């Protein structure tokens, strides 16, 4: 029994309790302590085996060997998962940092392009560089409102103008 416990004892303390259930039955608890405060609680799952003293003598060693093997596999799996998560978190932080640097570079280049484009723009003989009212206002002509109202506004009912008449 203690030979089977040796791999488990390498990294932690193990508490073993034996209790008499009745005249012919004993209960053995093998409880590994957490090696570090931040260990996963799954690594302190106890093994409980109940049986007659003869059954315990014959079977407890095999059950304990399987328990220790499972415990070691669980510890290994948890360590791998933790390492994978830490690597993924580090990669995500580096990616976010890289994107932030790219955005910073892009925002630094935008003002330079805006200044250069304004200075290089030809005036086409006009004294004003500002757009004409027709260019500045969005065109809504396809909606039948002649550009006066946005497309979400319902069209007014047609009315006859009193102030202006077309001559025939």
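The residues on offer are 97, 62, and the sole one that is in a helix (DSSP H, G or I) and under 19 Å from residue 45 (Cβ atoms) is 62.
Taken over segment 65-100, residues that are under 28 Å from residue 29 (Cβ atoms) and modelled with pLDDT of 90 or more amount to 0. Scanning segment 56-105 for residues that are touching a strand residue (DSSP E or B) at 6+ places or on another chain (Cβ under 8 Å) and in contact (Cβ under 8 Å) with a residue 24 or more places away in the chain yields a total of 5.
Answer yes or no as to whether residue 7 is in contact (Cβ under 8 Å) with a residue 60 or more places away in the chain and exposed (fewer than 14 other Cβ atoms within 10 Å of the Cβ).
Working: in contact (Cβ under 8 Å) with a residue 60 or more places away in the chain: yes; exposed (fewer than 14 other Cβ atoms within 10 Å of the Cβ): yes.
Here the answer is yes, as residue 7 does meet what is asked.
Checking every residue in segment 30-37 against the condition of being exposed (fewer than 11 other Cβ atoms within 10 Å of the Cβ) and within 29 Å of the chain's Cα centre (by Cα) gives at least one match.
Does segment 77-94 contain any residue that is out of contact with any helix residue (DSSP H, G or I) (no Cβ under 8 Å at 6 or more places or on another chain), surrounded by 11 or more Cβ atoms within 10 Å (Cβ to Cβ) and over 29 Å from residue 16 (Cα atoms)? Yes, that holds for at least one residue.
The values are calculated or read from the model by the stated rules, or taken from the named source; none is laboratory data. Here the structure is a predicted model, which means the values were calculated and not measured. Glycine also receives a Cβ, built like all others from the backbone with ideal geometry; neighbour counts cover every protein chain displayed.
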